[in-house]
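Notes follow the structure.
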Amino acid sequence: MQAKQVAAVRAVQSIQEGMVVGLGTGSTAYYAIQEIGRRTAEGLQIKAVATSVQSENLAKELGIPLIPFAEVEVIDVTIDGADEVDGSWNLIKGGGGALLREKIVAAASKQLIIIVDESKAVGQLGKFPLPVEIVTFASELTLRKLEALGCKPVIRLTASNEPFITDNGNYTVDCHFDRIEDADQLNLALHAIPGVVDHGLFLHMATQVIVGYADGSARELER
Ligand code: DER
């Protein structure tokens, strides 16, 4: 079993009968959704919400019951991946282009279980370019304000060299900082820029981090 899959299967063990479950996005969350599909096929009764059209379609294929957000009081547990996780369980997310819906769902979740392979565990955030979701209107002005924060902002492109458009109709900008010294301060600075919708710093949100290893073992990352 792949390291990502090991972490995913371990995380899904936390799901209990009757829970409302948030389905993450990305290649690691893919394994979690597959495992949830396997358990629901065996009779596990849960309801789910998805963090992207991609994960919603996968859930439908697997017969995982989805509910509209209008029916959601609280999400019991969300299982999602990350691009980087540091020793305080702060995250960089957004590599899969779904950060806005992921953050909305994560913020409404009692538990946020992050599943990664060991390559994602870092001492300091920032080697992975920070994804920032921005509106398309006057994006050149927003890019200049992002650059003024000390990064090299690059609009994410599709394979056909067109700007990638998120499920919400926005651009994703990958901001190359190299290292992020003060994530809390950067969070505030990003939210102060008109045109920025949200970003991939998920601070003080994770309630558990599970690291999967190629030898088939998994362990919780100590904080
Ligand atoms: O886009 C996202 O936030 C994904 O969860 C990303 O952070 C992890 O993607 P991966 O599981 O494909 O590495």
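The values are calculated or read from the model by the stated rules, or taken from the named source; none is laboratory data. Everything quoted here is computed from the prediction, not taken from an experiment. When we count neighbours, we look across all protein chains shown, and the Cβ atoms used for this are built from the backbone with ideal geometry, even at glycine. Remember, those area values only see protein heavy atoms, side chains included, never the ligands or the DNA or RNA. Shrake-Rupley method; radii C 1.70, N 1.55, O 1.52, S 1.80 Å.
Counting just the residues of segment 84-101 that are touching a residue at least 60 places away in the same chain (Cβ under 8 Å) and out of contact with any strand residue (DSSP E or B) (no Cβ under 6 Å at 6 or more places or on another chain), which one comes out surrounded by the most Cβ atoms within 10 Å (Cβ to Cβ)?
Restricting attention to segment 84-101, the residues satisfying the condition of being touching a residue at least 60 places away in the same chain (Cβ under 8 Å) are 85, 87-101.
Checking the rest, the ones that are also out of contact with any strand residue (DSSP E or B) (no Cβ under 6 Å at 6 or more places or on another chain) come to 87-88, 90, 95-96, 98, 101.
Values: 87: 13, 88: 12, 90: 21, 95: 22, 96: 23, 98: 29, 101: 24.
This residue is 98.
Limited to segment 137-146, what total is found for residues that are of a type outside the set (Val, Ile, Thr) and open to solvent by less than 70 Å² (accessible area, probe 1.4 Å)?
Of the residues in that region, 4 qualify.
Pull out all pairs, ordered by first then second residue, where Cβ-Cβ is under 8 Å, the residues are six or more apart or on different chains, the first lies in segment 201-223 and is without any contact (Cβ under 8 Å) to a residue 24 or more places away in the chain, and the second is open to solvent by 10 Å² or more (accessible area, probe 1.4 Å).
Pairs that qualify, where the first residue is without any contact (Cβ under 8 Å) to a residue 24 or more places away in the chain and the partner is open to solvent by 10 Å² or more (accessible area, probe 1.4 Å), are 219/213; 220/208.
Is it fair to say residue 35 is away from the ligand (no atom under 13 Å from the Cβ) and more than 17 Å from residue 210 (Cα to Cα)?
No; evaluated as a whole, the condition is false for this residue.
Just for segment 102-136: of the residues that are of a type outside the set (A, V, I, L, M, F, W, C) and part of a loop (DSSP other than H, G, I, E, B), which one is surrounded by the fewest Cβ atoms within 10 Å (Cβ to Cβ)? Give the derivation first.
Step one: list which residues in segment 102-136 are of a type outside the set (A, V, I, L, M, F, W, C), which gives 102-103, 109-111, 117-120, 123-124, 126-127, 129, 131, 133, 136.
Pick out the ones that are also part of a loop (DSSP other than H, G, I, E, B) and you get 123-124, 126-127, 129, 136.
On the way: 123: 8, 124: 14, 126: 21, 127: 15, 129: 22, 136: 13.
Checking each candidate, the answer is 123.
Can you tell me which residue is farthest from residue 80 (Cα to Cα) among those in segment 196-207 that are open to solvent by 40 Å² or more (accessible area, probe 1.4 Å) and within 15 Å of the ligand (Cβ to nearest atom)?
Within segment 196-207, the match that is farthest from residue 80 (Cα to Cα) is 197.
Would you point out which residue out of 70, 108, 59 is over 30 Å from residue 178 (Cβ atoms), without any contact (Cβ under 8 Å) to a residue 24 or more places away in the chain and outside the structural domain of residue 164 (by TED's automatic domain parsing)?
70 is the lone residue from the list that is over 30 Å from residue 178 (Cβ atoms), without any contact (Cβ under 8 Å) to a residue 24 or more places away in the chain and outside the structural domain of residue 164 (by TED's automatic domain parsing).
Within segment 163-180, work out how many residues are part of a loop (DSSP other than H, G, I, E, B) and in contact (Cβ under 8 Å) with a residue 40 or more places away in the chain.
Counting residues in segment 163-180 that are part of a loop (DSSP other than H, G, I, E, B) and in contact (Cβ under 8 Å) with a residue 40 or more places away in the chain gives 9.
Please go through segment 63-85 and pick out each residue that is part of a loop (DSSP other than H, G, I, E, B) and more than 14 Å from the ligand (Cβ to nearest atom).
Within segment 63-85, 63, 64, 65, 67, 68, 72, 73, 74 qualify.
Picking from 210, 113, 193, 180, which residue would you name as being aliphatic (A, V, I, L, M), more than 25 Å from residue 29 (Cα to Cα), within 16 Å of the ligand (Cβ to nearest atom) and in contact with a helix residue (DSSP H, G or I) (Cβ under 8 Å, 6 or more places away or on another chain)?
The unique qualifying residue is 180.
Six or more apart or on different chains, Cβ under 7 Å: which pairs go from a residue in segment 147-162 that's open to solvent by 60 Å² or more (accessible area, probe 1.4 Å) to one that's part of a loop (DSSP other than H, G, I, E, B)? Could you list them?
From residues that are open to solvent by 60 Å² or more (accessible area, probe 1.4 Å), the pairs are 157/164.
Only one of 49, 20 is under 17 Å from the mean Cα position of the chain (by Cα), outside the structural domain of residue 165 (by TED's automatic domain parsing) and free of Cβ contacts under 8 Å to residues at least 60 places away in the same chain; which?
Working: 20 fails: under 17 Å from the mean Cα position of the chain (by Cα).
From the options 49, 20, the qualifying one is 49.
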